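Taking it in order: structure first as structure tokens, then the write-up.
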Amino acid sequence: MSAPAMSAPATPSPTQRDAAQAAPLRESLAPNVRQPPRQIPAGAGNDAAAAQAPAGQSPVANDVQAQLPVIVSPPRPQLQPSPPQQPTTQPPMAAPRTYGGPPAGGGPNQGTASPNIASPAIGGQTTASRIGSLKENGVVLRHLTNNVQGFRLTGEVGASEWPIYVTDTQIQRGLKFQVGFLSAISVMPEASYLTLMINDQAVGRTNINAARGVRTATFDIPDGLMRPGFNSVRIMAEHRHRVDCSLQATYELWTQIDPTQTGLVLSGPGAITSVAELAALPVDEQGAMPIRAIIAAKTSMANIDRVIRATQMLSLFGRFQQTVVDVGPIADGVHGINLAIGTVGELDGLLGTISIGQVTGPKVLVVPASGGKRTTLVFTGRTEDDVNDALRQLSVSSELRGTPQGIRAAQAFPGYRMFGGERVKLRDLGVVSQEFSGRLFRVGFNIVMPPDFYSADYAKVILDLAGGYAPGLGYGAQVVVSVNTRNVVSLSLPKTSGDVFKQNPIPLPLGSLRPGLNRIEIEAQLAMPSDIACDPISAISGRNRFLLLDNTEIELPKIARIAHMPDLAVTATGGFPYASSQARPPLYVPAPSKEAIGAAATMATHFAISAGRPIAFQLTLSEPPADSGPALIVAPAQAVPSDTFRSVGLQQQTVLDNWSQTLSSEITPGSETMSRTEALARHRLVLQRNFPAACHMPTPQGGFRYAEHTSKYRNDPLSVGAIGDPDQSRLFEEWDANIRSQGGILARLRTRYDRAVTWATDIYADLHNWVSARLETQIRRPILTRQASLIVAQDLVNGSPDSLRTLVTAPNAAVLAQSVSCLVDPRVWQQIAGRVSVLNAAEGAIVNIPVETSYLIATQPLSINNLRLIAAGWLSLNPNIYVFMVLILALLLAAATNWFLKGVGRSTE
């Protein structure tokens, strides 16, 4: 659904404090193939006829060809028709089937697979020449936006879906889609395939033969399959292991989609020409949406409020999950947008050669990308009221436009929002019916719970499974359901003759869900006795073992609605309490530099993305009072007042001491320059590790070029001596001495003595830790290291939601801007939790300090039903109190029974 419109920012009251804040900001703001999938209409369970298609396969790229720097454009897609492919001589293979309609336009499309760029050393195109030829042919690659799963497909079967918005002018004949991918070395290329589906129809597939380097495959999209508006794009990977047929080996299988090489191939620029088409803005090569805010050197805080509001609306309209805002002059490039908001006088001289034209009132101008400049969006007018009226035009219709599959994908991106008391089919969550012939089937989907969801085991979530399994499965075959990476329930598959079911309810504990985003995965372990032989032919042509139908339903019971704070996970995944605040939440930026304003706008935008609607933040330069509403503070550590540090439970001096070496440094981590070869090697390492590209990976010892080839044991003297020591007699003597020393009486006595000492030491340590935990009364402080690049802390000043404070700080303004860009990557953002989160941008990882004292905050009317659910949930979280209350009731019942029966019956006197 589209985000609702926001009212115009309220005019500041004429108090002395607001008048001071309305003053202009400081000057710092200046400028081989198995059978293709059988397809039937979505949601059906009957089979369609299987088809077989010839396949062709391009040579595998060598190590040098495998790499592409993040900073360059993708290689020129193959727009010419593919040469005829020779039929494979291999026997047909029984592929897993996905159901969603027959491939439009005829038979399956094998795709034109090709290696990545050739190294200049071996005669291939250089990066510069490739970019030049790309521009000469007018080819544009519309990249996919980043999401929570990132770009990695794991296991024997994996899939990820994206909504992509296409304008009327971009819908043209001869559309193509390009996929770049890198795979694990353990993937068997003869039995592993990558499939592209658009609007639930299979477009084509290709072998996964990319262990040595990134390969690109280009697929022709049948005419009429994509329509103006949102469309669904799904990439599926089917893997089989080269040498190992155990269930554990399936976790080694992965295919990494290269976002720089993946996207919709347009033969023209497909420029954005109206506000209604802003969802089609192109993201950058890593799936992020860069927004350059063009702000005058002297501007008002109300104008910055409008910029933050606009960035929120743009992100919500386009379903962008990684929006990064910065401040500066008009930006070059084709990805992202230049955003200019202000009166005609404020924008004078800031837009370069762009002419606004005559302005007589509110005016919105969309300038298409051209001349090496991004698309530019201008909201202007003669007065501030005119600018506010122009900004309201961002409030387009709430009805989504596009195909039914695309609208479904947009509504379920990044997760389907559920509120309790509802049943949803998995097809509405982005899951398709599928047959599977491997050993470990896995499929997942995302749901978003309300931020005030009270998580406890007072009810059950019912997963009503529809599907079946084949006969002959081994002992221990089962279906395991995990929630947020934790296994919560399992269902055995006991029938040796197999089974097919339309309704097979699996109860999940409600307490396994949490407020905000949740990932639910269905895993079927399908080992057979024949897997012990590990015959590669059976991996290629094995029969299907499992069926999952997309009419499987998930039923969420009525839930208790009461929030608990502080909790950064609730704020990060639901925008609470900022999105539900009655007053405008203060956005406190004590040092409003370009970097700080950009970081503040980025954080505010991501809170709005999490909440699913815009949040009316109000910028302030002075510390807000405790009762002014939930406040967001974004600033370098030295600019944050000591009272603000104390309000979130941090010690200012401890933070400053840990960052003493980088407080005033202008050099940001990871800012060292790299050669083209180093950039190529870093990009490959980023793909192999599924590392967030916006985070600054540290340069490994020896440089990126040698990172892949450096053994972790190379510098270990023990391993070097054991493997390469030429003195064989020394090794024999060591082994002989060790064996003899273990056999004597003294050795046995000493061993028993050592065990007794170890046992006593462990008992003492456990007792000491237990006593210390009980006696500790002070609030634990986060242990910071010099590797920490950002701190997010939250606490309540006086127990009221209006007194909530969330602080985002870093050593200096440059590190703040860079670290926030890393933090908002969806894979990093979902790690935020507890009272304090410490980001190490060099690892793309967060360390959380848990909440010690939380408060329950009423968000719904305390009806009898809601109070009953809250009480049941609270008792389930406090079982000791529950048992105590049961005992008290039992004693009262016994006393009442004794008193009532005391005078009943004959007297024994």
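Computed values, structure above
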| read-out | value |
| --- | --- |
| Residue check for residue 595: in a strand (DSSP E or B) and within 25 Å of residue 610 (Cβ to Cβ) | no |
| Some residue of segment 249-258 being more than 30 Å from residue 363 (Cβ to Cβ), of a type outside the set (S, T, N, Q) and in a loop (DSSP other than H, G, I, E, B) | yes |
| Filtered residues of segment 149-175 (kept if assigned to a loop (DSSP other than H, G, I, E, B) and at pLDDT 85 or above) | 151, 155, 156, 167, 168, 169, 170, 171, 175 |
| Number of the condition not met by residue 413 [criteria: (1) in a strand (DSSP E or B); (2) closer than 18 Å to residue 164 by Cβ; (3) of a type in the set (Phe, Trp, Tyr)] | (1) |
| Top-ranked residue of segment 315-343 - restricted to ones that are assigned to a strand (DSSP E or B) and of a type in the set (A, V, I, L, M, F, W, C), ranked as farthest from residue 144 (Cα to Cα) | 341 |
| Residue tally, condition of a type in the set (Gly, Ala, Ser) and under 31 Å from the mean Cα position of the chain (by Cα), over segment 478-501 | 2 |
| Test: residue in segment 817-828 that is closer than 23 Å to residue 577 by Cα and in a loop (DSSP other than H, G, I, E, B) | yes |
| Some residue of segment 556-564 being part of a strand (DSSP E or B), at pLDDT below 90, farther than 30 Å from residue 523 by Cβ and not charged (D, E, K, R) | yes |
| Every residue from segment 416-442 that is buried (at least 17 other Cβ atoms within 10 Å of the Cβ) and aromatic (Phe, Trp, Tyr) | 416, 436, 441 |
| Meets criteria (surrounded by 21 or more Cβ atoms within 10 Å (Cβ to Cβ), of a type in the set (Gly, Ala, Ser) and in a strand (DSSP E or B)) for residue 466 | no |
| Among the residues listed as 870, 881, 888, the single one being of a type in the set (Val, Ile, Thr) and under 33 Å from the mean Cα position of the chain (by Cα) | 870 |
| Conditions (1) in contact with a strand residue (DSSP E or B) (Cβ under 6 Å, 6 or more places away or on another chain); (2) under 22 Å from residue 300 (Cα atoms); (3) of a type outside the set (A, V, I, L, M): number failed by residue 343 | (1) |
| Candidate set: segment 250-298, residues that are in the same structural domain as residue 395 (by TED's automatic domain parsing) and among the charged types (D, E, K, R); chosen: the one modelled with the lowest pLDDT | 298 |
| Members of segment 502-518 that are at pLDDT 90 or above and either within 21 Å of residue 545 (Cβ to Cβ) or assigned by TED's automatic domain parsing to the domain that holds residue 568 (or both) | 504, 506 |
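The values are calculated or read from the model by the stated rules, or taken from the named source; none is laboratory data. Since we're looking at a predicted model, the values are computed, not measured. Cβ coordinates were reconstructed from backbone atoms using ideal geometry, including for glycine residues, and neighbour counts include every protein chain displayed.
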